[in-house]
Amino acid sequence: MKIDAPRLHRRIAALAEIGDTGDGGVCRLALTDDDKAGRDLVLTWMRELGLRVEVDVVGNITGTWPADATEAPVLTGSHIDTVRTGGRFDGNLGVLAGLECIETVITAGTELARPLAVGVFTDEEGSRFAPDMLGSLVFVGGMAPEEALSTSDRDGLVLGDELARIGYAGPIPCPQRPPHAYVELHVEQGPVLEAEGITIGAVTGVQGISWQELTITGQSNHAGTTPMHLRHDAGAVAAQIAVAVRDLATSPGGPHVGTVGRLDLHPDLVNVVAGRAVLTVDLRDTDEAVLAAAEKSFAEQVRALAEAEGVEVATRTLARFEPVAFDEALVDLVEAIATEHGHSVKRLPSGAGHDAQMLARVCPSAMVFVPSVKGISHNPAELTSDSDIEAGANVLLDLLLELATDRLQIRKRSVAGSAEGAA
Ligand code: HGY
Ligand code: MN
Ligand code: MN
């Protein structure tokens, strides 16, 4: 059984027209009108397939087949919200490939031991409403729905109001019942698979994530008349912090990556010393101890910089997730299926956060990666070849069939140290 690749490519292209930024990219920030339009389109496809469509209290969507199934499903999916300068594959591929796999199974009339479902998780990116993976975090009970619904974006708009405004404040309570297992197809968004000429990534887990927002309060003053030793320059401290983050991530024993992605100065004028600066710091590592040590060292540096300049720094945690390891037997299975399909396959951790890291809290979970051209993502130039998309979706199809038809119990996998049964 193979997916209908042209149909999958058509759906990827159709969804990418919504929020099209004209340069090959997509902008569908969570709970905007474009996110609504994208949701509406995917819901239409789900309903045309005869799936049971459900929306929960934070807008997570699930489409289940058979529609009258009551058992815990094998769940696949991802997200369709994007960053402002997003590509057409991040998240979207996982949702549309999941839908394609279910349509392929329906068309084939295959008997399933348990239902299949495809999920669209709310606000995975977290770039409008923090934290990232917000929808799947609430889905698994890691965040109270009330807390999620009351978060606001930088314009003060409240998530619950935006959800109601776009008509996706659903009735299904959270946390939802755990699925039987969860598997997600996603573009790697990094350079590893392409650099090594590998087609399929058997993802071993997701690195830990630490997001902070720093508000630096100094004193606005005249750029021409204020002597350097009398300044309390929030902009200068922000710049020093950005360099400190870079130095931390490039120093031996430092975190794998460190990023200052957002930096706003106030009053943001050429001839005024900035009285206020707001910036974000994103630190990540696969080792929790390294990540925690990095946070500690960073906080000490901020304190010293603030004291030297005579400014105040207020820090707000936007997201903090420890590293996650995926289910070993499922990772084995991804590797075995990719090998059976004749693809090169490599185990690797994910640099990016994913909904799968939340589902891993409540059920056996794993991910399948396909290469990103030049390792680019969160950028309109994000690209994955048609053949790699097809390869990934067909690996996902066999993964779902293994888990939904219990073939797993009788499958003798060629992987050394085969583990009988996954979930
Ligand atoms: O930030 C991330 O890693 C993901 O794209 N939300
Ligand atoms: Mn993603
Ligand atoms: Mn992303």
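The values are calculated or read from the model by the stated rules, or taken from the named source; none is laboratory data. Since the model is a prediction, treat every value here as computed from it, not as a measurement. Every residue, glycine as well, gets a Cβ built from its backbone with ideal geometry; the counts of neighbours run over all protein chains shown. These area figures cover heavy atoms from the full protein model, side chains too; ligands, DNA and RNA do not enter into them. Shrake-Rupley method; radii C 1.70, N 1.55, O 1.52, S 1.80 Å.
For helix 386-404, what angle does its Cα long axis make with the longest principal axis of the chain, in degrees from 0 to 90 and rounded to 10? Taking the Cα atoms of the chain, the angle to 386-404 is about 60 degrees.
Check the straight Cα-Cα distances from Lys346 and name the aspartates and glutamates below 15 Å, setting aside those fewer than 8 residues away within the same chain. Straight-distance partners of Lys346: Glu188, Glu194, Glu196, Glu328, Asp332, Glu335, Asp388.
Its Cα gyration tensor gives region 113-260 an equivalent ellipsoid; the semi-axes, largest first and in whole Å, are 39, 26, 12.
Residues whose amide H comes within less than 5 Å of that of Asn221, counting only those at least five positions distant or on another chain, are Val273 (H built at 1.01 Å from N in the peptide plane). Element breakdown for the chain at a 1.4 angstrom probe: carbon and sulfur atoms account for 53% of the accessible area. Residue separation of Thr317 and Val243 scaled by 0.36 nm, minus their Cα-Cα distance, works out to 24.6 nm of gained length. Alpha carbon centre of region 47-122 versus region 11-39: separation in Å? One Cα centre to the other: 18 Å. Dividing the summed helix terms, -39500 (n - 2.57) for each DSSP H run of n ≥ 4, by the number of residues in the chain produces a 222 nm estimate of -10500 deg cm²/dmol to the nearest 500. Taking amide H positions as modeled 1.01 Å from N, with prolines and chain starts lacking one, the residues under 5 Å from Asp327 and 5 or more places away or on another chain are Ser365. Per-residue 3J(HN,Hα) values for region 305-317, derived from phi via the Karplus relation 6.51 cos²θ - 1.76 cosθ + 1.60 with θ = phi - 60°, read 5, 5, 5, 5, 9, x, 10, 9, 10, 9, 10, 10, 6 Hz in sequence order (x marks Gly and Pro).
Per-residue packing, averaged as other Cβ atoms within 10 Å, sorts the ranges 228-237, 75-84 into the order 75-84, 228-237, beginning with the highest.
Under 5 Å between amide hydrogens, built in the peptide plane, is the criterion, and for Ala113 it picks out Thr405, Asp406 among residues at least 5 positions away or on other chains. Between the Cα long axis of helix 5-16 and the first principal axis of the chain there is an angle of about 30°, rounded to the nearest 10.
Give the separation of the Cα centroids, region 201-242 to region 146-168, in Å. Using only Cα atoms to place each centre, the spacing works out to 27 Å. Spread over its residues, the convex hull of the C-alpha atoms of the chain is 141 Å³ per residue.
Within the same chain, aspartates and glutamates fewer than 8 places from Lys296 are excluded, and of the rest, those with a Cα less than 16 Å from its Cα are Glu213, Asp247, Asp282, Asp285, Asp287, Glu288, Glu322.
Rounded to the nearest 10 degrees, the inclination of helix 328-340 to the longest alpha-carbon principal axis of the chain is 60 degrees.
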